[in-house]
């Protein structure tokens, strides 16, 4: 039972992998030549189908085919594999670039928000120094000590007018500190919302981690990863097509295939005969 089912499993696997390779390759080539996308889709689809036929043909009739035709078909099949791999690479790299650009734009927007927030932080530090200065100056209830800005000397006074003036300045500084804290908190929320809503950054998270661990740029990591996929994808599809041919040739002989399909034909014929007899 296993020997009978295996060729069909291999054929199904070859169909799925080949179909995926054809889709990604045709889509990638159509994006590359967007000016004539329909013509490219028709051309690429026919070439992809011809490639699978040529692979089966070479396996089935390797010894019977003329050596020059065999050489041409082999070179053509390898060339079409390279074209398919290029289309797949174009499709995957285009998808990565689209995601990377969106993530980069969001990162730049986040950086702008952080820059604005840093300005408020700098202003806040200055206002905090003034807050400490006025608080210390007004800490003594009977006299006031402050540094005169004109002479840069420490002045001690008991003037109620000066106390009232510094108290008003202290209240003004407190209002500015509260306003700056509110602005900083607002930018904290904006930055947090940007980071939470950045789905593209989450998708690229593993790649960023690998790039950081290896100490290389993320684009290089992605390029190596795409080349790894491309080197396996279409060659595996062709290998599965050849394996399916091998499995059907060795594992399931022609008589067995004929009996398999003729059995289904007999079943449908009997059902049709019974229905006609009932009528």
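The values are calculated or read from the model by the stated rules, or taken from the named source; none is laboratory data. As the structure is a prediction and not an experimental result, all values here were calculated from the model. A quick note on method: Cβ atoms are made from the backbone with ideal geometry, for glycine too, and the neighbour counts reach across all protein chains shown.
Checking the stretch 194-215 against the condition returns no match, with no residue being at pLDDT below 75, under 22 Å from residue 128 (Cβ atoms) and outside any loop (DSSP other than H, G, I, E, B). When residue 146 is tested against the conditions (1) under 30 Å from residue 185 (Cβ atoms); (2) at pLDDT below 75, the lone failure is (1).
For the stretch 112-133, filtering for residues that are free of Cβ contacts under 8 Å to residues at least 24 places away in the same chain and surrounded by fewer than 16 Cβ atoms within 10 Å (Cβ to Cβ) leaves 9. On the basis of being part of a helix (DSSP H, G or I) and under 24 Å from residue 218 (Cβ atoms), does residue 102 make the cut? Here the answer is yes, as residue 102 does meet what is asked. Looking at 10, 88, just one residue is assigned to a helix (DSSP H, G or I), in contact (Cβ under 8 Å) with a residue 24 or more places away in the chain and within 15 Å of residue 234 (Cα to Cα), and that residue is 88.
Does any residue of the stretch 32-40 turn out to be closer than 13 Å to residue 241 by Cα, surrounded by fewer than 15 Cβ atoms within 10 Å (Cβ to Cβ) and at pLDDT 80 or above? The answer is no; no qualifying residue exists.
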